[in-house]
Amino acid sequence: MSGLIVRLTLLAVVPMVVGACAPPSPSSSHGSIKWLRRLGRRIPEKFEEANALVFHADAEWIMAGCESGRIVWWKPGGDALAPLATSGDAVRALGLDPKGKWLVSGHSVASDGRGGTLQLWDIEHGTKLRDLTPTGRVASCGAIATSPDGSWIVTANQSVLEVRDTKSWTVVSTCRGHEDGILDLEVGPDGLWIASCSLDHTVRLWDSVTGEQKLVLRGHEDIVYTVAASPNGALLASGARDRTIPTRYGRRLFEAAPDPKEMLVVDRANHNDLYDFPQVSERIIDFLQRHLPGGG
């Protein structure tokens, strides 16, 4: 049975609505930019070539790593600031210091024939501090994630994860187990674990201190492009190119969710047309009104 699954549940008094998502592309920032525009943000058209985005809420600005090799940044609704001048090789990933002091950019194969590179930037002065050399020659440094306190970063070196201390910028541990290139990374909110997803159709969890593989999540039938954790670290979501979420997965999520909860399966619905079906909005509103304090 094909269809769109909507799971409604409440965690404490905060409503959480989970619906099927559109299959992410390798350059998932394209979709992010489109969503920013739909939310009323004025984003220059030239940023459509972005491969990576990072947001710094406190400073109220966004950075985009572009296919052209530039790193551009701007304030939503405002003008772009001066771009960071990289080596000219396509930017595939960005990792931002939580305090907004430094940025790490990951690049594809260099124009001079060298392998993929990592570059460290001083954000305040807009200058490159140094190159960070990945172990061995890699085709692309395609994913970067930063620890919550900014004390370390993790980068994808093909099928291997490398954890670097941000004081010395040296590799302090490696995570091995993926059978093909890693496409996205996520660090748990407590900084104790790392999640990765890959061309090998799996999602894997790692101990951020020892590099030990803790868990392998299988079930996707195609490339897994993206992975993300809930703010409390209790839930992990992944998005793959298999284009569908079988209803059996949705039912398993529903069975595990706490009450109050309801499940709605919409026949013939696709991943990205959730609110094109009036009954979906009506059920969500009704659910919230019945279960949120003062909702009635």
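The values are calculated or read from the model by the stated rules, or taken from the named source; none is laboratory data. Values in this document were obtained by computation on a predicted structure and should not be read as measured data. Please note: Cβ atoms are built from the backbone with ideal geometry, for glycine as well, and neighbour counts cover all protein chains shown.
Below are the figures for this structure:
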item	result
Among the residues listed as Val227, Val266, the single one being among the β-branched types (Val, Ile, Thr), farther than 25 Å from Ser151 by Cβ and in a strand (DSSP E or B)	Val266
Flag for Ala257 being touching a Lys or Arg at 6+ places or on another chain (Cβ under 9 Å) and either surrounded by fewer than 15 Cβ atoms within 10 Å (Cβ to Cβ) or modelled with pLDDT under 85 (or both)	yes
Scan of region 173-211 for residues that are among the aliphatic types (A, V, I, L, M) and not in a strand (DSSP E or B), ordered by number	Leu192, Leu199, Val209
Residue within region 151-160 that is touching a Phe, Trp or Tyr at 6+ places or on another chain (Cβ under 7 Å) and farther than 23 Å from Asn51 by Cβ present	no
Selection count where residues are surrounded by fewer than 19 Cβ atoms within 10 Å (Cβ to Cβ) and either touching a residue at least 12 places away in the same chain (Cβ under 8 Å) or closer than 23 Å to Ala52 by Cβ (or both), scope region 224-238	8
Residue under evaluation Asp200, criteria (1) under 28 Å from Ala143 (Cβ atoms); (2) surrounded by fewer than 15 Cβ atoms within 10 Å (Cβ to Cβ); (3) of a type outside the set (Phe, Trp, Tyr), criterion not met	(2)
Test set (1) assigned to a loop (DSSP other than H, G, I, E, B); (2) of a type outside the set (Lys, Arg); (3) loosely packed, with under 15 Cβ neighbours inside 10 Å - His220 fails condition number	(3)
Answer from Ser159, Ser108 - the residue that is at pLDDT below 95 and out of contact with any Leu (no Cβ under 9 Å at 6 or more places or on another chain)	Ser108
Some residue of region 215-232 being under 17 Å from the mean Cα position of the chain (by Cα) and on the phi > 0 side of the Ramachandran plot	no
